[in-house]
Amino acid sequence: DPSYRANPTNRCFFCKRELWARLTIEARARGFGVVCDGTNADDLREHRPGRAAGVQVGIRSPLAEAGMTKADVRAMARALGLPVWDAPAAPCLSSRVAYGLAITPSRLRQVETAEAYLRELGVTGDLRVRHHGDLARIEAEPAWIPWIAERGEAISARLVALGFRAVEIDPRGYRRGSLLLEPSGGR
């Protein structure tokens, strides 16, 4: 979808429109009358353009409908003994690419490989490598920032080998939706 690849701030709408259309067709073919997603009550207060695509085709959000927050969902998962009860969020790789910068397989591979490398080094918790064209900006939980900075030269060399020209460690750490917070829209 060219609208998705152009990477506007409502990029997720175009992706989810395609996803929900295909899933709804498949669900109906298998005899299901409704498709549900995992949207929770907290998500309703955030920038979620993909949600509008779901609403258009009747996707249900039972967690949000029940008023369950992310904390509620985690508490229930923990009580049920699910091993992923405290897993960090794992949004799609496109969410790391600065708005207005085209989504390409090459850019997504750069981000995926860079984050996998940092995970191999031992970084845990929330982690994003934001793609700003030539610049890779690393965001991690604040406790990890000094550790990453100590290894900055080696990390930069590895990310430059992936095709970035420069690497920056964001001293503010991981910030959910940080690309939306930037005046340039993330560029």
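The values are calculated or read from the model by the stated rules, or taken from the named source; none is laboratory data. This is a predicted model, so every value here is computed, not measured. Ideal geometry is used to build each Cβ from the backbone, glycine not excepted, and the neighbour counts take in all protein chains shown.
Filter the range 71-103 down to the residues that are in contact with a Leu (Cβ under 9 Å, 6 or more places away or on another chain) and not in a loop (DSSP other than H, G, I, E, B) and list them by number.
Asp72, Val73, Met76, Leu93, Ser94, Ser95, Arg96, Val97
So which residues in the range 130-187 are loosely packed, with under 13 Cβ neighbours inside 10 Å, modelled with pLDDT under 95 and either small (Gly, Ala, Ser) or over 27 Å from His47 (Cβ atoms) (or both)?
Gly177, Ser184
Pick out the one residue from Ala89, Ala41 that is among the aliphatic types (A, V, I, L, M) and within 15 Å of Gly177 (Cβ to Cβ).
Working: Ala41 fails: within 15 Å of Gly177 (Cβ to Cβ).
Matching residue, one of Ala89, Ala41: Ala89.
Only residues in the range 146-166 that are over 17 Å from Glu120 (Cβ atoms) and assigned by TED's automatic domain parsing to the domain that holds Ser106 count as the first member; pair them with residues that are outside any helix (DSSP H, G or I) and among the small types (Gly, Ala, Ser), Cβ under 6 angstrom, at least 6 apart or cross-chain, and list the lot.
Taking only residues 6 or more apart or on different chains, the pairs are Phe164/Ala136.
Would a scan of the range 171-187 turn up a residue that is outside any loop (DSSP other than H, G, I, E, B), under 20 Å from the mean Cα position of the chain (by Cα) and free of Cβ contacts under 8 Å to residues at least 24 places away in the same chain?
Taking the range 171-187 as the starting set, the residues that turn out to be outside any loop (DSSP other than H, G, I, E, B) are 178-181.
Then drop every residue that is not under 20 Å from the mean Cα position of the chain (by Cα), which leaves 178-181.
Next, from what is left, pick out any that are free of Cβ contacts under 8 Å to residues at least 24 places away in the same chain: 181.
Yes: the range 171-187 contains one or more residues that are outside any loop (DSSP other than H, G, I, E, B), under 20 Å from the mean Cα position of the chain (by Cα) and free of Cβ contacts under 8 Å to residues at least 24 places away in the same chain.
When the residues of the range 24-46 are narrowed to those that are crowded, with 17+ Cβ neighbours inside 10 Å and not in a loop (DSSP other than H, G, I, E, B), which ends up farthest from the chain's Cα centre (by Cα)?
Thr24
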